[in-house]
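The values are calculated or read from the model by the stated rules, or taken from the named source; none is laboratory data. Bear in mind the structure is a predicted one, so any value in this text is a computation, not a measurement. So basically every Cβ, Gly included, is an ideal-geometry build from the backbone, and we count neighbours across all protein chains shown. Surface accessibility is based on the protein's heavy atoms, side chains included, excluding ligands, DNA and RNA. Shrake-Rupley method; radii C 1.70, N 1.55, O 1.52, S 1.80 Å.
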Amino acid sequence: MSSALTERARELDVLHAATDLRGRFRLPAGVIYLDGNSLGALPQGVAEAVADVVHRQWGNDLIASWNDAGWWEAPARVGDAIGALIGAAPGQVVCTDSTSVNLYKAVVAAARMRPGRRVVLTDPDSFPTDLYVTDAAARDAGLVVERVSPADAVARIAEVGDDLVLASYSSVDYRTGELWDLAEITRAAHEVGALACWDLCHSAGVLDVGLDEHGADLAVGCGYKYLNGGPGAPAFIYVAHRHQDDFDQPLSGWNGHATPFAMAPDFVPAPGITRARVGTPPLLGMLALEAALRAYDGVDPAVARERSLSLTGFFLECLDDLVPGLEVATPREDAHRGSQVSVRHPQAYAVVQALIARGVVGDFRESDIVRLGFAPLYLTHADALAAAEHLRDVIEGREFEREEFATRATVT
């Protein structure tokens, strides 16, 4: 163990002691959890909240809980709680459906808001569901998809000009952790009269996103990564206030109706963000997410971002000192780095499995990415140093060559 790094970790943890909120989470002893960018840790109070929903609200109060426990209003209520973390004023975010479904709504609605235009731009390296859904929505809406790297998006937006409907990008590259310029791409889209939609799956809860500040039009994201809502937690969609009257999304479900209990035969969209709802929400998951979001009580997203950058920046320092030959895929500049550090290794899957056996939980992404996510609320700089030391030992000791680490599980 490097005494200089140990002392630096101690100093940084003292400096950031006010934002050390590990006590708000239930984490297994002896585990350094670096996979909150895939499935967040369990916050305190969630299990009890879900038990109350099951035993009292559902088990005892039954259908009365739609009114008495505020079930019907939960999507908007949870949406506003998420909005506070992504820089959205109340009334612009609703918790509903999945990221895939919400992205489909956003692309088709954008086409309807910009009739006569044909082109959607998206990142060829986006998470695959974004590519699949964007292609499907474009087919249904009569659009053409161009896959253009975010690095080249501003120039291509200017070239496409008034034929551009939508620039649809992820805020953070899910593999490398590279942070793209939401403000600049949004501005470029607006200069040609187009819209911008952002996937915030790897941003919500760890970045100071600033949707309203930067004039974003649309955004989507999931509830189960850094928001810690649990496996399969419902997602969210953001529609800026100025677009809500024109937001004509393609899935006209009764929860998005202006008068849902009138049981009218024809669809009339609800006013405001509620029109983005479709069917009956999964209340167990939604109320678990609502309880999980309380882990962010009193947390300023800008301060969480500062802690995140400190953790990932220090981890990069540790790698440079302890594993100097390792290729880092994540940008080193703070302005271009999300809340993860990804490294490349030809046996990346086996490296991840060897780390997990040591109690350091990360994940693998094709074809050679060891992905380590830093959830700032429950990780320390001491954790970052320990993880780097374990990674050094796995690589120097060639532990990844052990047979038990080579067999691929279904979920990688």
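Pairing residues of the stretch 130-155 that are touching a residue at least 24 places away in the same chain (Cβ under 8 Å) and acidic (Asp, Glu) with residues that are assigned to a strand (DSSP E or B) and buried (at least 16 other Cβ atoms within 10 Å of the Cβ), at Cβ distances under 8 Å and at least 6 apart in sequence or on separate chains, gives ASP130/THR122; ASP130/SER168; ASP130/SER170; ASP130/ASP199; GLU146/VAL119; GLU146/VAL120; GLU146/LEU121; GLU146/THR122.
One residue stands out among those in the stretch 32-53 that are within 19 Å of LEU372 (Cα to Cα) and assigned to a strand (DSSP E or B): the one that is most open to solvent (accessible area, probe 1.4 Å), which is LEU42.
Do you know which residues across the stretch 289-312 are of a type in the set (A, V, I, L, M, F, W, C) and either farther than 26 Å from GLY338 by Cα or open to solvent by 20 Å² or more (accessible area, probe 1.4 Å) (or both)?
VAL299, ALA302, VAL303, LEU309
Hey, any hits in the stretch 175-194 for a residue that's under 30 Å from ALA49 (Cα atoms) and open to solvent by 20 Å² or more (accessible area, probe 1.4 Å)? Scanning the stretch 175-194, I find no residue that is under 30 Å from ALA49 (Cα atoms) and open to solvent by 20 Å² or more (accessible area, probe 1.4 Å), so the answer is no. Check whether at least one residue in the stretch 286-295 is part of a loop (DSSP other than H, G, I, E, B) and modelled with pLDDT of 95 or more, and report yes or no. No: zero hits. Does ALA382 meet the test of being modelled with pLDDT of 95 or more and surrounded by 17 or more Cβ atoms within 10 Å (Cβ to Cβ)? The answer is no for ALA382. In the set (1) surrounded by 24 or more Cβ atoms within 10 Å (Cβ to Cβ); (2) out of contact with any Pro (no Cβ under 7 Å at 6 or more places or on another chain); (3) of a type in the set (A, V, I, L, M, F, W, C), VAL206 fails one condition alone, (2). All of VAL101, VAL108, VAL165 fail the test of being touching a residue at least 60 places away in the same chain (Cβ under 8 Å) and either polar (S, T, N, Q) or open to solvent by less than 40 Å² (accessible area, probe 1.4 Å) (or both), apart from VAL108. Considering only the stretch 343-356, I want to know if a residue exists there that is surrounded by fewer than 19 Cβ atoms within 10 Å (Cβ to Cβ), at negative phi, aliphatic (A, V, I, L, M) and at pLDDT 95 or above. Yes: one or more hits.
If a residue counts only when it is under 29 Å from TYR226 (Cα atoms) and modelled with pLDDT of 95 or more, which strands (runs of 3 or more DSSP E) contained entirely in the stretch 66-165 have at least 3 such residues?
Per the criteria, 93-95, 119-122.
Evaluating ALA29 against the criteria (1) closer than 19 Å to ILE356 by Cβ; (2) in a helix (DSSP H, G or I) leaves one unmet condition, (2).
For GLY253, are the conditions met, namely being surrounded by fewer than 18 Cβ atoms within 10 Å (Cβ to Cβ) and of a type in the set (Gly, Ala, Ser)? Here the answer is yes, as GLY253 does meet what is asked. Residue check: is THR410 closer than 17 Å to LEU309 by Cα, among the β-branched types (Val, Ile, Thr) and open to solvent by 10 Å² or more (accessible area, probe 1.4 Å)? Judged against the criteria, THR410 is not a match. Of all residue pairs spaced 6 or more apart or on separate chains, those with beta-carbon atoms under 6 Å, a first member in the stretch 40-53 that is farther than 18 Å from ASP68 by Cβ and a second member that is in a helix (DSSP H, G or I) and open to solvent by 50 Å² or more (accessible area, probe 1.4 Å) are PRO43/ARG24; GLN44/ARG24.
Just one of VAL303, VAL268, VAL299, VAL278 is touching a Ser or Thr at 6+ places or on another chain (Cβ under 8 Å) and free of Cβ contacts under 8 Å to residues at least 12 places away in the same chain; which is it?
That would be VAL268, the only listed residue that is touching a Ser or Thr at 6+ places or on another chain (Cβ under 8 Å) and free of Cβ contacts under 8 Å to residues at least 12 places away in the same chain.
All of (1) crowded, with 19+ Cβ neighbours inside 10 Å; (2) in a helix (DSSP H, G or I); (3) without any contact (Cβ under 8 Å) to a residue 60 or more places away in the chain hold for VAL370 with one exception: (2). Condition check for GLY338 on (1) buried (at least 20 other Cβ atoms within 10 Å of the Cβ); (2) more than 29 Å from VAL209 (Cα to Cα); (3) of a type outside the set (A, V, I, L, M): one failure, at (2).
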